[in-house]
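Undergrad: Sharing a structure with you now.
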Amino acid sequence: MNLVQNIYFALGVYVDCSKLATEKNKKQLQQIADYIYEAIVHSPSIVIFDDLDSLISFSPDNLKSQSSNSSAIVKYLIDMLDEYRDKSHGMCGYGPVAFLASAKSLKCLPQELTSSGRFDLHVQVPGLSAPARIEILRQTIVKLHLLCTAEIISNIASKCDGYDAYDLGILVDNTVLAASDRLLGSSTVNLVEEDFLKAMRNFSPVAMRDISKFSPEISNGWEDVGGLSEVVNVIKETIELPLKYPKFSAGAPVRLRSNILLYGPTGCGKTHVVKSVAAAYSLRFIPIKGPELMNMYIGSTEQYVRDTFAKAAAALPCLLFFDEFESLVPQRGKHGTQVTDRVVNQFLTELDGVEALTGVFVFAATNKPREIDAALLRPGRFDRLVFCDFPQWNERLDILRVLSKELPLASDADLELVASMTEGFSGADLKAILTDAGLEAAKEAVRCQPGDGSGDIPQELPLITSGTLMSVASEARPSTSEEDRRSLREMFSQFSTSRKSSISTERREANGQGQRVAVAES
Ligand code: ATP
């Protein structure tokens, strides 16, 4: 890490933790002790633990599995930091010793090491700007005696959001490999844009390894969404302005809303629509399931929330998606524990911070909206509430058309009739009908094979005839019973009415105090 190495040249003792990690445990501890001794002798000095996370195999996903090897190092570091904290103004004739560490993320280090009195001042190093990426690419290309126009370098750098210097170096290496066939026999290595794009196709920068970018193979964006036209319109309105006009959005006199809560019955396309948004706008996508987060990160959930928002801010443009949101931020007082209180508060802080950014969109989904803590639904937080209901006839037809696009459906298969037969079905139920019809057609094809096994193995999915589709549809039942649909309708309608009245009360109160409010309607 350049920043860290520069400090070393000015002041002190550099510990390359990635290298140290390859040594045996006993040797690691001995070497750390030697470095510290050296720092004391040369004090005033600074000890720099570069890539400390590579020495400590710590994962918040697996709090118990920290190896005894790395827990010995953590213990050693803690003892050392505690000991020198009190002597930081000098000791036994020596000057003070300071300690600095770098890591991929705060989350990669155990909390006891980053808490008060130890590595307790946390500085997030911002990602490379576009001009910096251009310069690094240019220097790397020159150093390797390659040729490339300034225009191509600039175009590629603009596509390398989230890449660090190390990633850019590897990208250039991979680009040379990608160009190798084209350049066979040529005496100069002239890189063209297509070589870079080829290299980028299977490459993700280190910081983005766990953040997917929705590629067209995974989702076709809006084309994959049937019905839900109102929902799609609200989302487009929210996303397009800040994405197309970032400068306008940053300087807008009113805060532009970028947080949406989708609510509605199960299987009605909430998650599906969010994935399509990510694909439609090529957003980096960070999906998080509420219950998994709460179970996995007990004790550090709020830190995970903080880190996730920081990660999103470093990966612009980015869509953060919290599914089953009510489990993450339940009403305090009702289901509240100290943990949920802290998580809710952390969310409020992060959402208030997000308003300053353009390019981070926070979406959440729930089918129990009344269980969400009311503070999250106040203006400026999740103030855009979007209802995804059971589809009407025309929406069911649209969903059936979208979902059957890739299926070998007979041309006389009557999707309008299927839409009429499926009142009360969710999008997921409609998908199940088409899947079952496909399976039925496959079974039919197997049944038609000669019994002695001499038939050809079918290479493609067999045709789904109108008869097969009708027979499956007439036997299908919606996953939510009529009675349950009625009570759900009542529950969602009560929620929506309560939101409207609480919003208008807040608007009145705020106006009474002469404040400007950015209020959303549900
Ligand atoms: P839950 O509340 O249980 O999480 P959900 O509302 O998020 O449910 P999804 O997971 O989005 O439901 O939907 C399940 C599947 O149903 C999707 O993967 C998709 O294949 C299909 N589906 C649902 N709605 C639509 C739609 N409007 N257009 C196309 N496909 C849909």
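The values are calculated or read from the model by the stated rules, or taken from the named source; none is laboratory data. The structure displayed is predicted, hence computed values, not measured ones. Cβ sites come from the backbone with ideal geometry, for glycine too, and all protein chains shown count toward neighbours. To get the accessible areas, we keep the full protein, side chains included, count just its heavy atoms, and leave off ligands, DNA and RNA. Shrake-Rupley method; radii C 1.70, N 1.55, O 1.52, S 1.80 Å.
Undergrad: Whole-Hz Karplus ³J(HN,Hα) for segment 222-237, in order, using 6.51 cos²θ - 1.76 cosθ + 1.60 and θ = phi - 60°, x for Gly and Pro?
TA: 4, 4, 8, 9, x, x, 6, 5, 5, 4, 4, 4, 4, 5, 4, 4
Undergrad: Based on the alpha-carbon gyration tensor of segment 373-431, what equivalent-ellipsoid semi-axes (square roots of 5 times the eigenvalues) come out, in whole Å, largest first? All intermediate terms of the calculation are to be shown ahead of the outcome.
TA: On the way: eigenvalues 237, 29, 13 Å².
Taking √(5λ) for each eigenvalue gives 34, 12, 8 Å, largest first.
Undergrad: While we're here: Search the structure for amide H atoms under 5 Å from the amide H of Asn190, placed 1.01 Å from N in the peptide plane, and list their residues when 5 or more places away or on another chain.
TA: Placed amide hydrogens put Leu147 under 5 Å from Asn190.
Undergrad: As an exercise, use a Förster radius of 35 Å and the Cβ-Cβ distance of Gln392 and Asn155 to find the FRET efficiency, rounded to the nearest 0.05.
TA: 0.15
Undergrad: Which whole-Hz couplings ³J(HN,Hα) result when phi for each residue of segment 264-274 is put into the Karplus expression 6.51 cos²θ - 1.76 cosθ + 1.60, θ = phi - 60°, listed in order with x for Gly and Pro?
TA: Result, ordered by residue: x, x, 5, x, 9, x, 5, 5, 4, 5, 5 Hz.
Undergrad: Scan around Ile46 for amide H atoms under 5 Å from its own, H built in the peptide plane at 1.01 Å from N, and keep only partners 5 or more places away or cross-chain.
TA: Correct list: Gly12, Val13, Ala98.
Undergrad: With respect to the cross-link table entries Lys107/Lys289; Lys19/Lys289; Lys159/Lys405; Lys270/Lys405; Lys270/Lys500, which display a Cα-Cα separation exceeding 27 Å?
TA: Lys19/Lys289; Lys159/Lys405
Undergrad: Per residue of segment 168-174, what does 6.51 cos²θ - 1.76 cosθ + 1.60 with θ = phi - 60° give for ³J(HN,Hα)? Whole Hz please, x for Gly and Pro, Karplus curve as stated.
TA: 5, x, 5, 4, 5, 4, 5
Undergrad: Oh, and also: Length gain on complete extension for the stretch Ser487 to Ser229, per 0.36 nm per residue less the alpha carbon to alpha carbon distance? Don't jump to the answer; show the numbers that get you there.
TA: On the way: separation 258, 0.36 × 258 = 92.88 nm, distance 2.45 nm.
This chain segment gains 90.4 nm when fully extended.
Undergrad: What FRET efficiency, computed as 1/(1 + (r/R0)^6) with R0 = 30 Å and r the Cβ-Cβ distance, is obtained for Tyr245 and Phe203, rounded to the nearest 0.05?
TA: Working: r = 30 Å, r/R0 = 1.00.
Approximately 0.50, to the nearest 0.05.
Undergrad: In whole Å, how far is the Cα centre of segment 255-290 from that of segment 479-495?
TA: 22
Undergrad: Please list 322-329, 412-419, 342-349 highest first by mean number of surrounding beta-carbon atoms within 10 Å per residue. Before the final figure, lay out each step's value.
TA: Numbers: 322-329: 23.6, 412-419: 17.2, 342-349: 18.9.
So the peptides 322-329, 412-419, 342-349, ranked by packing, come out 322-329, 342-349, 412-419.
Undergrad: Pull up all non-local amide H partners of Leu409: gap of 5 or more, or a different chain, and H-to-H distance under 5 Å with H placed in the peptide plane.
TA: Residues meeting the criterion, in which the H sits 1.01 Å from N, are Ile464.
Undergrad: Which of the aspartates and glutamates could be linked to Lys244 by a straight reach, that is with a Cα gap under 20 Å, when you skip same-chain ones fewer than 8 residues away?
TA: Asp161, Glu355
Undergrad: Let me ask something else. At a 10 angstrom cut-off on C-beta neighbours, averaged per residue, how do the peptides 30-41, 144-155 rank from highest to lowest?
TA: On the way: 30-41: 15.5, 144-155: 13.9.
The densest-packed peptide leads the list: 30-41, 144-155.
Undergrad: Defining a contact as two alpha carbons under 8 Å apart and six or more residues distant in sequence, what relative contact order in percent does segment 369-482 show? The partial results should precede the final answer.
TA: Working: 94 pairs, mean separation 37.1, N = 114.
The normalised contact order for segment 369-482 reaches 33 percent.
Undergrad: When ligands, DNA and RNA are left out and all protein chains stay put, how many square angstrom of accessible area per residue does segment 393-475 have with a 1.4 Å probe?
TA: On the way: 4880 Å² over 83 residues.
Value returned for segment 393-475: 59 Å² of accessible area per residue.
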